[in-house]
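The values are calculated or read from the model by the stated rules, or taken from the named source; none is laboratory data. None of the values given here were measured: they were computed from a predicted structure. FYI the Cβ positions are ideal-geometry reconstructions off the backbone, even for glycines, and counts take in every protein chain you see.
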């Protein structure tokens, strides 16, 4: 299995339009990259990319740099159903995200916490206003009943917990906002998009979770003054994946029932193969 086109998306949960460092980057396997200022513009760019690929009769894989799922058990606790895609649907219905990049991600995380036992699992309140259900520190959480990391996170050096909403390296806010956007894409192109590893890969467009830090050393070696690291990450990983003769080995996941809830990282455990294509 080798898609005709491949794109890598580096996400941002910023609450205002932003470009450059720590913003949204979309890198293609031809080495080009774009830097949408807002999540609304990113959705439009992704939609255009998908539409163009479908019109051309080409297959497309979009890798997104945020968790596609949460530690096992969260989906049922939140939605009453097992499986990560139940959470996708729930977040798309409840997350508000405006054209000015203002979202309700912090309030929504607090609402989720309030629905669950104990205190947590989400944490990090960046506002000056106390929110009873959302602790400032992870150490204040108790009795929520969920693992801190997914199985994949334990194997990916540097991966952080999806419960952490802010601070250095945090991915929690990116997951909340990013999943909602990807679910909107699924609804905009019904039957044309499959989400790995939760669905059979019979659609022309595949969404997969990626972790560009798998190639951290290679990215750092290619950094130049004035070039944003995020831009290098997305274009390098897109090129490395596209250079492989087949993605089939990378699409195999461990035999673990947790993965239906948690997802997996494309390329995890296959770093040597990725490097060989650079």
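Taken as a whole, the structure places residue 227 among residues that are in a loop (DSSP other than H, G, I, E, B), within 20 Å of residue 35 (Cβ to Cβ) and either assigned by TED's automatic domain parsing to the domain that holds residue 92 or without any contact (Cβ under 8 Å) to a residue 24 or more places away in the chain (or both).
Selection of helices (runs of 4 or more DSSP H) fully inside the range 122-222 by the criterion of at least 3 residues being in the same structural domain as residue 46 (by TED's automatic domain parsing) and free of Cβ contacts under 8 Å to residues at least 24 places away in the same chain returns 216-221.
When restricted to residues that are under 18 Å from residue 20 (Cβ atoms) and under 15 Å from the mean Cα position of the chain (by Cα), the range 209-244 contains 4. Report yes if some residue within the range 93-103 is crowded, with 17+ Cβ neighbours inside 10 Å, more than 23 Å from residue 18 (Cα to Cα) and within 18 Å of the chain's Cα centre (by Cα); otherwise report no. Scanning the range 93-103, I find no residue that is crowded, with 17+ Cβ neighbours inside 10 Å, more than 23 Å from residue 18 (Cα to Cα) and within 18 Å of the chain's Cα centre (by Cα), so the answer is no.
Does residue 245 meet the test of being in contact (Cβ under 8 Å) with a residue 60 or more places away in the chain, surrounded by fewer than 21 Cβ atoms within 10 Å (Cβ to Cβ) and within 22 Å of residue 160 (Cβ to Cβ)? For residue 245, the condition - in contact (Cβ under 8 Å) with a residue 60 or more places away in the chain, surrounded by fewer than 21 Cβ atoms within 10 Å (Cβ to Cβ) and within 22 Å of residue 160 (Cβ to Cβ) - is not met.
Residues checked against (1) buried (at least 21 other Cβ atoms within 10 Å of the Cβ); (2) under 16 Å from the mean Cα position of the chain (by Cα); (3) modelled with pLDDT of 95 or more; (4) part of a loop (DSSP other than H, G, I, E, B):
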{"residue": "47", "(1), (2), (3), (4)": "no, no, yes, no"}
{"residue": "51", "(1), (2), (3), (4)": "no, no, yes, no"}
{"residue": "70", "(1), (2), (3), (4)": "yes, yes, yes, yes"}
{"residue": "82", "(1), (2), (3), (4)": "no, no, yes, yes"}
